[in-house]
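One structure below.
No lab work stands behind these numbers, since they all come straight from the coordinates. The structure presented is a predicted model; accordingly, all values stated were derived computationally and were not measured. Cβ: placed from backbone, ideal geometry, glycine included. Neighbour counts: every protein chain shown.
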Amino acid sequence: MNILGIETSCDETAVGVLKAEKTKAGFFIKPLSSVISSQIKIHKKYGGVVPMLASREHAKNIPIVTQKAIIQAFGSKKDISKIDLITITKGPGLILSLLIGVNFAKTLAWSLKKPIIGINHLEGHLFSFLLPKINKNYQLLNADNKKIFPAICLLVSGGHTQLIYIKKFGDYKIIGETRDDAAGECFDKGARILGLDYPGGPAIANQALKYKDQLQAFSLPRPMINSQDYDFSFSGLKTALLYLAQEIDFKKKEKQLRPILSHELQEAITDVLVKKTIKAALEFKAKSIILTGGVSANQRLREKFKETLEKKKVNNINFLTPLLEYTTDNAIMIALAGFFQYLNGSEKKSWDWKKFQAEANLRL
Ligand code: KG4
Ligand code: ZN
């Protein structure tokens, strides 16, 4: 079947087509197209996403992005009739942005007379590690399931930092989450303190690459790293960076200090994420650790997971993380989550546009 995915929960207007089948051997999936119109340039000058501007851009771009995704997948815009199922992010996210996507997708479902499923954005991130490159096939053998689940997933994005125990598709338990800022938010706010552009994650990571074991060492706290629970807290870390920057007169030596402070901020965030996730994976006897969400694009975080698992001689836990193009928001991950939901509830036959609405505060 051909599944159309649509995603407008934050500042990316994304549409894609996923070909997906269930056979006796397992699942076959093949992404046919993935078009993303990023609004980064628009929000950059404000240092973060401005909700009103985001929804205006979504409204402007969504028909164009959809047409491009259909042409890329099938060759002609008329081939939209080849779509068998429409999937749309219904939440969580910015309500005005969600509403643009949800209303557009519902109208499409109504006019094409196709089933439609509202998807939890976070569920999209959870399974994005399964996605192959555009036009490449991927076969998930049923046996692979036993190697993946139960899994511990660290979902780290601009809005979320959660540790999730996944028993199987659709069966999730949040075992810990941030009590204040998300990890991505800490990168973004840290970047602003250091005079770097939005989004802060890639900017901090680039600066940290310039750091070469300088003698001048400044240390930031690793909040809640040894707490007994699986919760996180990043708001104090951002404040600690702000005070440190003031104390050492950052503004006067920006060029020299930026790589040092970026490196230390990245080390502090990744230390906490890695330690708590591995602890949870061992305690819950997980077969895999799934690292996902925008912050999973961070190379240092990926390396640190691999290094720590090796150092601890943990070789019975698979480390799974998406291809870079699927770490940040995209529509193919929404289509994939939609496919699994469709299989799970296929007895429902008709997935109706009247049955769901946008929910800004949706939980897993
Ligand atoms: O998943 P995502 O695209 O959107 C949300 O659902 O929030 O995640 C965006 C977040 C931003 O906070 C951004 O700074 C962060 O992911 N990010 C990174 C990197 N690339 C994106 N953080 C650290 N290192 C990166 N390379
Ligand atoms: Zn996201």
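Numerical summary
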{"read-out": "Charge sum, other residues only, whose C-beta stays under 13 Å from residue 297's C-beta, Lys/Arg counted +1 and Asp/Glu -1", "value": "-1"}
{"read-out": "Over the chain, relative contact order from alpha-carbon pairs under 8 Å, at least 6 apart, %", "value": "24"}
{"read-out": "Local electrostatic count at residue 36 - Lys and Arg +1, Asp and Glu -1, tallied over other residues with Cβ under 11 Å", "value": "-4"}
{"read-out": "The range 76-152 shape via C-alpha gyration tensor axes, a/c threshold 1.5", "value": "oblate"}
{"read-out": "Span-like helix ranges in the chain, DSSP H, alpha carbon extent 24 angstrom or more, Kyte mean at least 0.5", "value": "95-112"}
{"read-out": "Long pairs among 44/189; 167/354; 147/275; 19/77, criterion Cα-Cα beyond 19 Å", "value": "167/354; 147/275"}
{"read-out": "For the chain, alpha-carbon Rg and Dmax in angstrom", "value": "20.8, 65"}
{"read-out": "Spin-label pair residue 171/residue 136, simplified geometry with 7 Å Cα→Cβ offset, distance in nm", "value": "3.1"}
{"read-out": "Cα centroid separation, the range 155-186 to the range 261-288 (Å)", "value": "13"}
{"read-out": "Entries of 24/168; 41/276; 90/114; 45/90 with Cα pairs more than 26 Å apart", "value": "41/276; 45/90"}
{"read-out": "Bins of 10 Å from zero: percent of alpha-carbon pairs in the range 151-321", "value": "10, 40, 33, 14, 3, 0"}
{"read-out": "Euclidean distance of C-alpha centroids, the range 34-55 and the range 298-317, integer Å", "value": "33"}
{"read-out": "Mean ellipticity per residue at 222 nm, deg cm²/dmol - from DSSP H runs of n ≥ 4 across the chain, formula -39500 (n - 2.57)", "value": "-13000 deg cm²/dmol"}
{"read-out": "Karplus-derived HN-Hα couplings along the range 20-32 (A = 6.51, B = -1.76, C = 1.60, θ = phi - 60°), whole Hz, x at Gly and Pro", "value": "8, 9, 10, 10, 5, 7, x, 9, 10, 9, 8, x, 8"}
{"read-out": "Net charge contributed by nearby residues that have their C-beta within less than 15 Å of residue 59 (K/R +1, D/E -1)", "value": "-1"}
